[in-house]
Amino acid sequence: MKLKEFIKSTLASYFIIVTLVNVATLVLGSIFRPEQRFGYEAFLAPLLYGALGLIPVFIMYSPKELTIKQIVIRKIVQLIALEFILVLAGFGRENLKAENLALIASFALSVLIIYVLVHVISWVLNLEMARQLTMDLQSYQSRELRREKD
């Protein structure tokens with residue numbers, strides 16, 4: 001994949017991540033801290049988590065085509081790095097305590113769910129783009145065939 005295409009794909013993933021982080025924040029906040037209220041600065045958190053979530057994306061970049069085995073290994077490393085970065089950013093070293101275990105586990109699970117959903121949503125969007133390109137190509141080919149017959 002060319003770097004330009006990779007960056008474009010990464011930016012699309014960023015906006016999907018930010019949206020899903022908002023949903024996860026709503027769900028986890030409603031469960032673990034329903035009484036807590038935030039100011040406007042809380043709108044920055046999903047943007048920050050989205051940006052941090054993009055750091056491990058660069059593990060997948062390769063100018064050459066990857067094998068299935070390389071993709072799977074890189075995806076596993078990417079997920080581990082993502083969990084580590086976001087749990088550390090979300091809780092800091094001082095809050096990684098046994099009393100926060102349920103919240104930390106829920107947070108890590110939400111990171112996993114968001115990771116999977118980002119991939120599924122991206123796949124669906126790419127599938128739709130591929131279908132459209134196929135239809136355009138078929139239309140072009142039929143026009144060219146008609147021109148050759150005339």
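The values are calculated or read from the model by the stated rules, or taken from the named source; none is laboratory data. Since this is a predicted model, take the numbers as computed values, not measurements. In this analysis, Cβ positions are derived from the backbone assuming ideal geometry, glycine residues included, and neighbour counts consider all displayed protein chains. Accessible surface areas use protein heavy atoms only, side chains included; no ligands, DNA or RNA. Shrake-Rupley method; radii C 1.70, N 1.55, O 1.52, S 1.80 Å.
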What relative contact order, as a whole-number percentage, does the stretch 5-86 give when Cα pairs under 8 Å and 6 or more residues apart are counted? 35
Averaged per residue, what accessible surface does the stretch 2-88 expose to a 1.4 Å probe, in Å²? 72
Net length gained if the chain between SER30 and ALA98 were fully extended (0.36 nm per residue, minus Cα distance): 22.4 nm
Portion, in percent, of the accessible area of the stretch 3-149 that falls on carbon or sulfur, probe 1.4 Å: 69
P(r) tail fraction, the stretch 1-72 - alpha-carbon pairs more than 20 Å apart, %: 46
Between SER62 and PHE6, what length in nm is gained on full extension when 0.36 nm per residue of separation is reduced by their alpha carbon distance? 19.2 nm
Assuming R0 = 25 Å, can you tell me the calculated FRET efficiency for the pair MET129 and PHE43, based on Cβ-Cβ distance, to the nearest 0.05? 0.25
Over 20 Å between Cα atoms, which of LYS4/LYS69; LYS2/LYS64; LYS4/LYS64 qualify? LYS4/LYS69
Distance (nanometres) between label positions extended 7 Å along Cα→Cβ at PHE15 and SER106: 3.0
About the Cα centre of the chain, how large is the charge dipole given +1 on each Lys and Arg Cβ and -1 on each Asp and Glu Cβ? Please answer in debye to the nearest 20. 380
From the convex hull of the Cα coordinates of the chain, what is the mean projected area in square nanometres? 12.6
Report the full-extension gain for the segment GLN141 to ILE71: residue separation times 0.36 nm, less the Cα-Cα distance, to one decimal in nm. 21.8 nm
Using DSSP loop states and a limit of at most 14 other Cβ atoms within 10 Å to flag chymotrypsin sites (Phe, Trp or Tyr not before Pro), what is the longest stretch of the chain containing no flagged site? 62-150
For a quick check: with amide H placed at 1.01 Å from N, whose amide H comes under 5 Å from TYR61's, ignoring anything fewer than 5 positions away on the same chain? none
Looking at the chain, do any whole DSSP H helices span at least 30 angstrom along their long axis by alpha carbon and average 0.5 or above on Kyte-Doolittle, and which? 3-32, 68-91, 101-149
Using DSSP to define loop residues, name the GluC sites (Glu not before Pro) in the stretch 40-105 whose beta-carbon has at most 11 other beta-carbon atoms within 10 Å. GLU65
Where the centroid of each part is defined by its Cα atoms, how far is the stretch 9-43 from the stretch 81-99 in Å? 17
